[in-house]
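To start, the structure itself, in structure tokens.
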Amino acid sequence: MPVLPAGRRAERRPPMTPAAPARTLRLVREVPTVRLLDLITRDLPADLVDGAACGADPELHTGPDLFDHESDQERAAREDVAKSVCAECPGRLDCLAAALRIRPETGVWAGLTADELAELTRPGLAS
């Protein structure tokens, strides 16, 4: 199982309650990324969100807050760990469906980065 570099392991914390409704994904850029998961999953079925493996450590899947710097090496290590968590998640297929619908610009969803998801939905990819 991949591990994060020393000092970068995110602390385990309970899921946060969103302070404001997610009006658009544009809002994602205006709030710390630890709340990103809560904002985006607000309209998903509760059983999917409650059973999601990423709920125990949302920062692992969304990255650090906007004001924290993360090197490319740290990001790659964090994403590898997040992908391994997704691989064991019972909600992975539902998460993938949601990610393909909302097309997130950041984070790891169903074991794929936002860039990998964008590649899947690129026009002309399907034959």
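The values are calculated or read from the model by the stated rules, or taken from the named source; none is laboratory data. This structure is a prediction, so every number in the text was calculated from the model and none was measured. Here the Cβ positions follow ideal geometry from the backbone for every residue, glycine too, while neighbour counts run over all protein chains shown.
Number of residues in the range 98-117 that are closer than 23 Å to VAL49 by Cβ and assigned to a helix (DSSP H, G or I): the value is 8.
Residue-wise test of (1) surrounded by 14 or more Cβ atoms within 10 Å (Cβ to Cβ); (2) out of contact with any Gly (no Cβ under 7 Å at 6 or more places or on another chain); (3) at pLDDT below 85.
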| site | (1), (2), (3) |
| --- | --- |
| GLY55 | yes, yes, yes |
| HIS61 | yes, no, yes |
| SER71 | no, yes, no |
| VAL81 | yes, yes, no |
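Before we move on, is LEU96 touching a strand residue (DSSP E or B) at 6+ places or on another chain (Cβ under 8 Å) and modelled with pLDDT of 85 or more? Yes. Name the pairs: first residue in the range 89-104 and closer than 13 Å to THR121 by Cα, second residue modelled with pLDDT of 85 or more and assigned to a helix (DSSP H, G or I), Cβ to Cβ under 6 Å, at least 6 apart or on different chains? Short answer, once both residue conditions are applied: ALA99/LEU117; PRO104/ALA114.
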